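The values are calculated or read from the model by the stated rules, or taken from the named source; none is laboratory data. For clarity, every value in this text was computed on a predicted model and none was experimentally measured. Here the Cβ positions follow ideal geometry from the backbone for every residue, glycine too, while neighbour counts run over all protein chains shown. We work out accessible area using only protein heavy atoms, side chains counted, and drop any ligands, DNA or RNA first. Shrake-Rupley method; radii C 1.70, N 1.55, O 1.52, S 1.80 Å.
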Amino acid sequence: MLQESLRKTHLFAPLCPDELDMLTAGAAPVHLTYNSHLFHIGEQLDAYYWVASGRLRLYRMTHEGEEKVFHLLGEGDLVAETIMFAPQCRSPLSAVAITECLLFRLAREHLLALVDQSPPFARHLLEEMSARLYQAVNRIDQLTVNNASQRLVLYLIELYQQQQNLSLKLPVNCRTLARQLSVTPETISRLLKFFRREELICVKGDTWVLHDLDRLCAVVHLPLPAHTDTGNRADMQGNLFRCCNFR
């Protein structure tokens, strides 16, 4: 199961069965209870992890003592794999479980050995790291240039692109989302109230339905991202959401 699951990740998709055998040699399950840490900031790591089930939060504390959320990870994600290529492998973030989690521990030494023996895999890793660098720069841009309303809309667009559905399942609660977007929970509540009043969004529990993605972007002065698929949006909007009891 572990090998088949790893093959579905972008990072390890090119590997053959023998290479996956080498990568997963000695892999061990790790169980985390809610609010328990996988590792802390500054900790030296000799392994990375694959998430079989559950969700984790990657964060660090600011100088003011506030928690800054950098990323949320769930089923199918890898944890700390990029740290494995650093000389001392000290984590720049802490990782805490926000649900019960099952992970598999994968040894750093096997990953480095595979890189040494397979130049095509090494090139593939560099391509993946380059893509992640672009993503990191985009996130920094969102948090430093855009205002709170734009950050929230960009987050919702990202969810739409991932889920391919205008009825979005939020993976976190509003308080965690606020930390992730570097705003207050009160700001999220205020923006959500405005969007609902303008009939741009309706909410029921952890489901947020986007009524009009184009107008939502226009209201916060954002262009609709060029890579957002708009082909089927018209069929998904309109009367369908008027009768779904979301208000």
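Annotations for the structure displayed:
- Hull volume per residue, based on the alpha-carbon atoms of the chain and their convex hull, is 151 Å³.
- Estimated FRET transfer efficiency (residue 77, residue 123; beta-carbon r; R0 25 Å; 0.05): 0.65
- Only lysines eight or more places from residue 169 in sequence, or on another chain, were considered; those with a Cα closer than 17 Å are 204.
- Residue 41 accessible area, 1.4 Å probe, all protein chains in place, Å² to nearest 10: 80 Å²
- Positive-end residue, the chain charge dipole about Cα centroid, Cβ charges, pick of 49, 207, 61: 207
- Spacing of the modelled spin labels on residue 169 and residue 133, each 7 Å from Cα toward Cβ, amounts to 3.5 nm.
- Rounded to the nearest 500, the 222 nm mean residue ellipticity of the chain from helices alone is -12000 deg cm²/dmol, with -39,500 (n - 2.57) taken per DSSP H run of at least 4 residues.
- Share of carbon and sulfur in the accessible area of the chain stands at 52%, probe radius 1.4 Å.
- Potential lengthening between residue 140 and residue 33 on full extension [0.36 nm per residue; Cα-Cα distance subtracted]: 35.4 nm
- Cα-centre dipole for the chain with unit charges at Cβ (Lys and Arg positive, Asp and Glu negative), debye to 20: 1020 debye
- Label-reachable residues, region 115-141, where backbone N falls under 14 Å from a point 7 Å from residue 16's Cα toward its Cβ: 117-121
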